[in-house]
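Okay, so here's the structure we're looking at.
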Amino acid sequence: MTVSGTAQVLIFDADDTLWENNVVFERVIDDFLAWLEHPTLDRGALRAVLDDIERANTVAHGYGSKVFLRSLRECLERLRERPATDVERQDIDRLAVALVEHQVELMPGVAEALDELASRHELLLLTKGEREDQQRKLDACGVLHHFQAAHIVAEKNVDTYRWLVREHGFEPARAWMIGNSPKSDILPARAAGLNAVFIPNENTWVLEHDELDPTDQGVLRLAAFPDLLRHF
C-alpha cells in the first residue's frame, strides 16, 4: 500500500513509537518481582496479580508513573495480606527511580523520518498518560517542532479520535494514526474512520495488546519507523 502524492494527516503515538518507554517499566517490574520473593507463587503468577491490579487502576486512575507505583504497592499489600510498611514503600520508591531518571532517546531513524515527512504532510502527536510525565518526555524529545499540535489525553478511544477530527477539521479518510498499540492506536482510530499504521514493538505493554483483523485494508503494517518513507 502506497499513499498518493496528496498531503495526508499523520498522527503519531509517542511512547514505544517514537521512543522506548515500556521497557523501563518492565525492568522495574523485574526488580519488583525479584524483591517480593513470594514463598509459593512463581514469577508468572505474581505478574498475573500485578497485571490485574494495573488493569483496574488504569480504569480508575489513568496512566503514568504515579499510578504504576500505586499498583506496585497494592500488589505487595494483596500478596502479603496487610498494609505496606513505611520501609516497604521506600523500597518500592527506590526501585522506581529509573522511571523518573530515564532519558528520552528516539528510536533509530525517527528523527530523520519525521524531518522528511513534515516537509510534505501535516503531522500531529497524540499521547496518553499523566500530563506531567508526558510533557516532560515531549519537552525532552527534540522533535516536537515537527508537529503542528501535540495532545496529551487521558485515554485513546473512539471518542478521542472523533474529537481530534473535529478539533483539526480534517477528513478521517486522509488521516493515519501511527503507533505500536492495537488497543489504543489502531482499533479505536479505525472505528472512528481513520486509517492506521501498525509498527509493532516487542516491548509493548501487555495491557495494550489486542487482535487486529488481518484483512483490514485500512491498516498498513510496517516493520520499522523509517519504512514510513516508502509509503508517505
Near pairs, Cβ below 9 angstrom, 6+ apart or cross-chain, from region 110-123 (more than 11 Å from Ile178 (Cβ to Cβ)) to any residue that is open to solvent by 90 Å² or more (accessible area, probe 1.4 Å) and part of a helix (DSSP H, G or I): Ala118/His145
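This table checks each residue for (1) crowded, with 19+ Cβ neighbours inside 10 Å; (2) closer than 26 Å to Asp51 by Cβ; (3) over 14 Å from the mean Cα position of the chain (by Cα); (4) not aliphatic (A, V, I, L, M).
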| site | (1), (2), (3), (4) |
| --- | --- |
| Gly109 | no, no, yes, yes |
| Asp115 | no, no, yes, yes |
| Asp159 | no, yes, yes, yes |
| Ile186 | yes, yes, no, no |
| Ala191 | no, yes, yes, no |
| Ala196 | yes, yes, yes, no |
| Val206 | no, yes, no, no |
| Glu211 | no, yes, yes, yes |
Among (1) within 30 Å of Ala56 (Cβ to Cβ); (2) without any contact (Cβ under 8 Å) to a residue 60 or more places away in the chain; (3) not β-branched (Val, Ile, Thr) - the single one Ala149 does not satisfy: (1)
Residues satisfying the stated conditions in region 79-96, i.e. within 20 Å of Arg47 (Cα to Cα) and part of a helix (DSSP H, G or I): Leu79, Arg80, Glu88, Arg89, Asp91, Ile92, Asp93, Arg94, Leu95
Single residue of Trp163, Trp176 found to be surrounded by fewer than 16 Cβ atoms within 10 Å (Cβ to Cβ), at pLDDT 95 or above and within 19 Å of Ala196 (Cβ to Cβ): Trp163
Residue list for region 58-102, restricted to those being among the polar types (S, T, N, Q), more than 17 Å from Asp31 (Cβ to Cβ) and more than 22 Å from the chain's Cα centre (by Cα): Thr85
Any hit, region 117-127, residues being of a type in the set (Asp, Glu) and closer than 16 Å to Gly64 by Cα: no
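Each row is one residue, and each column tells you yes or no for (1) modelled with pLDDT under 95; (2) closer than 27 Å to Ala189 by Cβ; (3) open to solvent by 50 Å² or more (accessible area, probe 1.4 Å).
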position: Leu33; (1), (2), (3): yes, no, no
position: Ala56; (1), (2), (3): no, yes, yes
position: Arg80; (1), (2), (3): yes, no, yes
position: Ala84; (1), (2), (3): yes, no, no
position: Val104; (1), (2), (3): yes, yes, no
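The values are calculated or read from the model by the stated rules, or taken from the named source; none is laboratory data. As the structure is a prediction and not an experimental result, all values here were calculated from the model. When we count neighbours, we look across all protein chains shown, and the Cβ atoms used for this are built from the backbone with ideal geometry, even at glycine. Areas reflect the complete protein model, heavy atoms only, side chains present, ligands, DNA and RNA absent. Shrake-Rupley method; radii C 1.70, N 1.55, O 1.52, S 1.80 Å.
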